[in-house]
Amino acid sequence: MSADRREIVDELNRLMAEEAEACLRYFQLRFRLRPADRRTAEKFFADSLRETLEHAEALAGQIRARGDVPRLHVNLSLSGGPMRLEEALAEALEVEQQALDAYKDFLPRVAGDAELEAFIRRQIEVETEHVQEIRDVLRTGAPLKLVAKPAPGARSEA
């Protein structure tokens, strides 16, 4: 495998690990919410958890498409007591903004690989929508939802 291709696969592995970590963060946030807030936000956090796992799976598919096996490295410890919905959403916003920034940083490195570039652009679109939605909820108190889209670029494994 060429050095450039190895670097791309390494970055895909890192992005996959970040999505898996986000999944775990959403799992924990959901159970840290106070009971009344949990009832309000249960679907949002469950959908967010599911979607981040789908993103990790799509990234794993991109790694497999490049002839490699996904490698997952997550070093994470989560704790804390009960929290208000606004605090959980602020943390969710950080998670989504980090993902958006990571995809934007990666995009120039995949220029010339039409399939991977299209995949990363779709991820940027999805993450941009998530960031905006959470900001809107925090700013205006709009109802919680999650922009649900199929996992972009998901490939079946052979």
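The values are calculated or read from the model by the stated rules, or taken from the named source; none is laboratory data. Quantities reported herein were computed from a predicted structural model and do not represent experimental measurements. As a convention, Cβ positions derive from the backbone with ideal geometry for all residues, glycine included, and neighbour counts pool all protein chains shown.
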**Prompt:** Could you count how many residues in the range 36-71 are assigned to a helix (DSSP H, G or I), of a type in the set (Val, Ile, Thr) and at pLDDT 90 or above?
**Reply:** 2
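In this structure, does ALA88 turn out to be assigned to a helix (DSSP H, G or I) and in contact with a helix residue (DSSP H, G or I) (Cβ under 7 Å, 6 or more places away or on another chain)?
Working: assigned to a helix (DSSP H, G or I): yes; in contact with a helix residue (DSSP H, G or I) (Cβ under 7 Å, 6 or more places away or on another chain): yes.
Here the answer is yes, as ALA88 does meet what is asked.
For residues that are of a type in the set (Asp, Glu) and surrounded by 14 or more Cβ atoms within 10 Å (Cβ to Cβ), scanning just the range 38-54, find the one that is nearest to VAL137 (Cα to Cα).
The qualifying residue nearest to VAL137 (Cα to Cα) is ASP47.
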**Asked** Just to be sure, is GLU127 at pLDDT below 95 and not in a loop (DSSP other than H, G, I, E, B)?
**Response** no
**Prompt:** Within the range 122-141, can one find any residue that is among the small types (Gly, Ala, Ser) and surrounded by 17 or more Cβ atoms within 10 Å (Cβ to Cβ)?
**Reply:** no
**Message:** The conditions are (1) more than 19 Å from the chain's Cα centre (by Cα); (2) outside any loop (DSSP other than H, G, I, E, B), and PHE106 fails exactly one of them. Which is it?
**Reply:** (1)
**Message:** Which pairs turn up if I take residues in the range 75-102 that are in contact (Cβ under 8 Å) with a residue 24 or more places away in the chain and surrounded by 13 or more Cβ atoms within 10 Å (Cβ to Cβ) and look for partners that are hydrophobic (A, V, I, L, M, F, W, C) and not in a helix (DSSP H, G or I) with beta carbon separation below 6 Å, at least 6 apart in sequence or on another chain?
**Reply:** ALA88/LEU33
**Asked** Taking the range 61-85 as the region of interest, how many residues are touching a Pro at 6+ places or on another chain (Cβ under 8 Å) and over 14 Å from ASP10 (Cβ atoms)?
**Response** 1
